[in-house]
Amino acid sequence: MKLVVTEKNDAAQQIARLLSTSGKPKADKVYDTPVYRFSHDGEEWVTIGLRGHIMAPDFPPELKYDRKEGWYGLTTEGEHLPARLPDDLAKPPYETKRKPFLKDGIDIKGWKVPSLPYLVWAPIEKLPAEKGIIRALKNLAKKADSIVIGTDFDREGELIGSDALRQMRQVAPDTPVSRARYSAFTKAEIDHAFQNLVELDQDLADAGESRQYIDLIWGAVLTRYLTMARFGGFGNVRSAGRVQTPTLALVVQKERERQAFVPEDYWVLWGMLAPKGSASEDDSFKATHATARFKDKAAADAAFARVRDASEARVLSVEKRRRTTNPPAPFNTTTMQTAAAAEGISPARAMRLAESLYMDGLISYPRVDNTVYPKSLDLKACVRTLSEVPQYRPTCQALLSGGPLHATRGKQETTDHPPIYPTAAADPGSLQPAEWKLYNLIARRFLATLGDPCVTEGTKLTFDVEGERFTSSGTVVVEPGFRAIYPYGQRKDEQLPMLSEGDVCDVRKMTLDAKQTEPPARYSQGRLIQEMEKCGLGTKSTRASIIQRLYDVKYLKNDPVEPSQLGMAVIDALTEYAPRITSPSMTSELEDDMTKVAEGADTQEDVVTHSRALLSGVMGALIEHKDDLGNAIADAVTADAKVGVCPKCGRDLVMKTSAKTRGSFIGCMGWPDCDVTYPVPSKVKVEPIEGEAGVCPVCGAPRIKCKPFRSKAYEICVNPACPTNREPDIVVGTCAVCEADGRHGDLVAHKSEKTGRRFIRCTNYDVCGVSYPLPQRGELHATGETCPDCGAPIVEVVTARGPWRICVNMNCPGKEKKAASRAGRGRGTSASAKASGAKRGTRAKSTKSAKTKSAGGKSSKAKSPAKGES
DNA sequence: GCAAGGTC
């Protein structure tokens with residue numbers, strides 16, 4: 001039996017399909033791992049897919065977390081950091097084993113190494129990370145006559161293959177092993193690779209392993225240092241790394257540019273014009289002075305003085321220019337992430353969604369650099385498949401009825417995977433809304449790459465107004481081309497009226513606006529991904545998760561991306577004491593070292609030791625300034641948590657977490673001397689307001705900015721008892737429980753002065769116990785109506801999105817019905833999803849969400865009338 | 001409780 005080991009299940013399946021004589025390999029399992037059995041040239045073959053790296057490098061157990069000691073060399077008190085070094089380095093359990101590394105100023109491989117914390121010189125071991133797969137791999141290796149390593153054709157692939165081989169060698173020390181190198185799943189390519197087997201390139205694998213070691217050593221040492229310089233409690237890791245830190249530095253640098261930016265005044269002179277005699281408002285259009293930005297106020301004023309009372313504008317010239325925009329290139333990971341980010345899907349979320357669509361068989365493999373469709377891809381068949389989706393049908397039919405299809409080509413061409421394209425027709429009803437949003441983007445992008453250019457016509461009108469020149473421009477789509485199916489990022493048409501040279505327009509209004517130049521814009525998440533790619537930071541598979549990591553450790557906030565005070569403090573500190581890690585150049589130097597190892601010009605040991613020496617070179621300065629850094633971090637964390645100033649004692653009010661309930665509240669830094677606390681408005685992101693506007697003029701408590709998810713931010717005083725937050729009590733209905741008991745009770749909407757939360761309570765609450773929750777936002781009105789399903793009152797809530805009516809009973813049977821019908825919509829499995837063999841698709845998800853909903857309803861604190869009666 | 005790189 002011949003054993004083929006690939007990097008992932010998908011590849012194992014494809015290779016089996018392409019090499020099997022019958023074309024139909026048999027799917028089997030070894031323990032829990034899928035394998036594919038088939039015969040090839042009369043020989044029995046089996047393929048198995050790994051899950052990427054199956055081994056994880058780590059420090060020996062004694063250097064990992066210790067309950068008493070914390071991370072080695074750094075305790076939770078933080079005090080021991082300098083004290084433990086170098087004294088403790090001479091102590092057991094390490095002195096016998098690792099003594100040579102611990103003396104001052106010794107030579108290691110030609111580099112002078114000063115006294116160091118252990119970790120910098122600690123040995124690294126590789127431990128099994130995928131035990132189940134390793135078990136299956138060994139099981140097959142024992143039975144195999146020969147082994148082929150068929151992992152991806154890149155450095156990491158060589159390393160993954162080498163790790164797998166080491167495991168197999170434990171049980172099959174003498175079985176012949178070779179390496180297949182392929183870069184596309186086509187019959188010709190795979191046949192060629194397996195007829196021209198080579199040897200595993202251990203140098204290349206060693207290069208990859210050096211990368212693993214260097215990343216771990218620098219990351220772990222600096223992360224432990226930052227975290228322990230001032231321990232902020234569990235769950236407050238301050239991380240650093242070869243990729244994440246330079247990425248954070250990019251964001252911080254942009255923020256510094258914005259802070260250093262000095263706005264300049266300028267003036268814009270503009271007016272509204274309309275064709276002579278037109279009475280319609282729709283005909284008016286904007287015209288701006290030919291000097292788009294007046295830098296000089298006197299000149300602006302002078303021009304304005306000449307035109308302010310003008311009544312006529314004469315057309316001096318009409319310029320028309322046609323512009324064609326070519327259809328976009330096929331999606332690879334980066335361009336897909338960027339386009340998704342522009343639609344409000346973060347890169348990390350886009351990758352999660354793409355993974356799910358891929359597993360459901362709806363799109364092709366989502367981790368690709370390639371932007372050129374391979375010749376083997378049957379574009380027509382893809383279009384035919386997509387025509388099953390009603391939204392795409394007209395476009396698909398137009399494409400199919402035309403001549404041969406021509407697709408755009410992007411700049412990057414590789415042949416391992418095709419660009420991201422839809423592989424099956426999706427049913428919007430059976431996908432989660434976000435999944436559909438991404439699928440729709442990918443499907444439309446695919447159709448757009450086959451479309452015609454979009455032709456727009458721009459018109460530029462020049463006017464004379466009392467001797468001053470004004471211009472007006474508009475753009476109109478003439479031939480939508482690919483834009484008909486791919487409207488993303490398209491600007492709205494700006495239509496100008498039909499005018500000719502010499503025509504006269506009415507001047508409806510003239511205005512002089514004083515403006516200021518804006519600082520450079522922050523990065524959007526999409527732009528940051530692109531910037532990382534430009535700087536060589538991370539890979540297509542890791543960039544999204546690295547940005548997510550920076551958000552998770554609270555170095556970044558908001559979108560567009562903004563650094564927190566903490567993020568800036570970390571960059572400042574590392575720039576001063578370990579500048580190497582803050583710059584993308586560490587990555588490029590690492591690449592050079594890797595190349596040397598791969599070429600055999602240097603060894604893994606040399607490269608890693610050299611890197612350790614560089615790190616050890618900065619340890620002294622880091623440790624010396626541990627307290628400065630600890631203080632800077634603590635101050636930054638406080639600044640990030642600050643919401644305003646305490647009206648009672650003048651100290652900072654910060655966001656705190658209750659030890660008992662785990663909930664957040666706003667409390668005074670002066671506690672226990674000062675006991676001022678406020679509740680945090682629920683379901684919103686809270687930001688302080690700078691300056692005078694950040695203090696409530698009525699009660700003196702801070703005013704804060706609240707940003708609810710996906711709706712408009714608003715500002716309120718944090719003090720729920722403040723008169724600015726008071727709402728009149730409203731009678732919204734009659735208590736059904738009290739009526740049944742022969743009493744009368746009014747249901748009254750209150751706002752608690754303590755918590756600021758709104759709720760409904762019966763005036764006889766002590767007797768009947770009837771209360772209901774209320775939406776916390778929006779203006780509340782009584783309707784006088786009762787719910788047909790449960791008899792509870794119906795209230796109207798007016799928000800920015802408009803008024804809506806709701807039955808206040810959380811357990812109302814009507815809500816269950818609605819929830820069921822919502823879930824039911826997702827329950828139907830589409831023909832396409834079935835065809836594509838969707839296993840863990842939408843069915844499980846929607847059932848789960850339906851369950852969550854009903855469970856939430858039952859556990860609600862609201863007491864229904866029925867419950868009150870019993 | 002550490003990184004970045006694979007993949008799920």
The aspartates and glutamates whose Cα lies under 15 Å from the Cα of A:K411, excluding any fewer than 8 residues away in the same chain, are A:D369, A:E533
Give, as a single signed number, the net charge of other residues whose beta carbon lies under 10 Å from the beta carbon of A:A16, with Lys and Arg counted +1 and Asp and Glu -1.
+4
Mind checking the full-extension length gain between A:E715 and A:T415? Use 0.36 nm per residue of separation minus the Cα-Cα distance, one decimal, nm.
102.7 nm
FRET efficiency, A:K754 to A:E264 (Cβ-Cβ, R0 56 Å, nearest 0.05)
0.70
Contour minus Cα-Cα span, A:T542 to A:I730, at 0.36 nm per residue, comes to 62.3 nm
Projected onto the charge dipole of segment A:382-437 (+1 at Lys/Arg Cβ, -1 at Asp/Glu Cβ, origin at the Cα centre), which of A:P419, A:G402, A:G429 gives the Cα projection farthest towards the positive end?
A:G402
Share (percent) of C-alpha pair distances in segment A:302-351 greater than 14 Å works out to 72 percent
Full-extension gain between A:D215 and A:R323, please, as 0.36 nm times their residue separation minus the C-alpha to C-alpha distance.
34.0 nm
Which of the helices in chain A meet the span-like rule: DSSP H, Cα axial reach of 20 Å or more, Kyte-Doolittle mean at least -0.5?
A:202-229, A:433-449, A:604-624, A:626-641
Enumerate by residue number the GluC sites (Glu not before Pro) in segment A:178-223 meeting two conditions: DSSP loop (anything except H, G, I, E, B), and at most 15 other Cβ atoms within 10 Å of the site's Cβ.
A:E199
With label points built 7 Å along Cα→Cβ from the Cα atoms of A:T471 and A:K375, find their separation and express it in nm.
4.8 nm
Where the only charges are on Cβ atoms (+1 Lys, Arg; -1 Asp, Glu), what is the dipole of chain A about its Cα centre, to the nearest 20 debye?
2940 debye
Could you estimate the translational diffusion coefficient of chain A from the Stokes-Einstein equation, with Rh from the Kirkwood formula over C-alpha pairs, at 25 °C and 0.890 mPa s, in whole µm²/s?
74 µm²/s
Show which aspartates and glutamates lie in cross-link reach of A:K2 when reach means a straight Cα distance below 18 angstrom and same-chain residues fewer than eight apart are skipped.
A:D28, A:D41, A:E43, A:E44, A:D145, A:D174, A:D191, A:E199
Roll a 1.4 Å probe over the protein chains and send me the accessible area per residue for chain A in Å².
50 Å²
Structure shown: which of A:K295/A:K515; A:K626/A:K685; A:K286/A:K712; A:K24/A:K540 lie over 22 Å apart, alpha-carbon to alpha-carbon?
A:K626/A:K685; A:K286/A:K712; A:K24/A:K540
Cleavage-rule hits (trypsin sites (Lys or Arg not before Pro)) in segment A:268-376: DSSP loop, at most 10 neighbouring Cβ within 10 angstrom
A:K375
Heavy-atom SASA rank of A:V637, A:V252 (probe 1.4 Å, accessible area, largest first)
A:V637, A:V252
For segment A:333-451, the Kirkwood Rh over every pair of distinct alpha carbons, in Å, works out to 14.4 Å
Quick one: Kirkwood hydrodynamic radius for segment A:646-724, alpha-carbon pairs, angstrom, one decimal?
13.1 Å
Express in Å², to the nearest 10, the accessible area of A:V198 obtained by rolling a 1.4 Å probe over the protein heavy atoms while all chains stay in place.
60 Å²
Formal net charge of residues neighbouring A:S183 (Cβ-Cβ distance under 10 Å; K, R +1; D, E -1)
-3
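The values are calculated or read from the model by the stated rules, or taken from the named source; none is laboratory data. Just so we're clear, the structure is a prediction, and the values are computed from it rather than from any experiment. Glycine gets a Cβ as well: all are built from the backbone with ideal geometry, and neighbour counts include every protein chain shown. Note: accessible area is taken over every heavy atom of the protein model, side chains too, but ligands, DNA and RNA are not part of it. Shrake-Rupley method; radii C 1.70, N 1.55, O 1.52, S 1.80 Å.
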